[in-house]
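In what follows, a structure is listed as structure tokens, so that the remarks can point back to it.
The values are calculated or read from the model by the stated rules, or taken from the named source; none is laboratory data. Since the structure is predicted, the reported quantities are computational estimates derived from the model, not experimental observations. Cβ coordinates were reconstructed from backbone atoms using ideal geometry, including for glycine residues, and neighbour counts include every protein chain displayed. Accessible surface is based on the protein model in full, side chains and every heavy atom, while ligands, DNA and RNA are left aside. Shrake-Rupley method; radii C 1.70, N 1.55, O 1.52, S 1.80 Å.
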Amino acid sequence: MMPAEQRAAQRIVTLCDEALQELVAAYEKCAARVHPEDDEAWWHRANSLWHASREYMRRHLVGDRMGREVGTQHSPGMLGELHVEYELEASALLALRHATDAYRKTRPDAH
């Protein structure tokens, strides 16, 4: 990938991360005021999606922070820890995808 393409892709990823943070914060405010009277599946799935989003954001930040700290002088152990963090981030992303798919099943009109 060319440097210009890498920078453009990084800006897009950053924009998506920021959008996810904003949406999680908006959901937190909204969910504090909404309490469905029935045990509605969409409510539970929306909360699962919220939790999965928060966990992904947390794992992503930890992985990014560790990646910047590794630098050129690192031990094999530090690379192992970084690998574990990246695997945990990938797992959190998969959980976010599953939570999104589950929510869409209960609310097919949601985008």
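Taking the stretch 33-111, which GluC sites (Glu not before Pro) meet the DSSP loop condition and have no more than 10 other C-beta atoms within 10 Å? Could you put the intermediate results ahead of the total?
Details: sites: E37, E40, E55, E69, E81, E85, E87, E89; in loops: E37, E40.
Filter output for the stretch 33-111: E37.
Rounded to the nearest Å, what's the spacing between the alpha carbon centres of the stretch 1-36 and the stretch 73-100? Just the number, please.
When both Cα centres are located, 19 Å separates them.
In the chain, what percent of the accessible surface is made up of carbon and sulfur (1.4 Å probe, ligands and nucleic acids excluded)?
Values: 4820 of 8380 Å².
Carbon and sulfur together cover 58 percent of it.
Based solely on C-alpha atoms, express the radius of gyration and the Dmax of the chain in angstrom.
17.4, 57
So what are the ³J(HN,Hα) numbers for the stretch 94-107, from phi and the Karplus equation (6.51, -1.76, 1.60; θ = phi - 60°), rounded to whole Hz, Gly and Pro as x?
Using θ = phi - 60°, the values come out as 5, 4, 5, 5, 5, 5, 5, 4, 5, 5, 4, 5, 8, 10 Hz.
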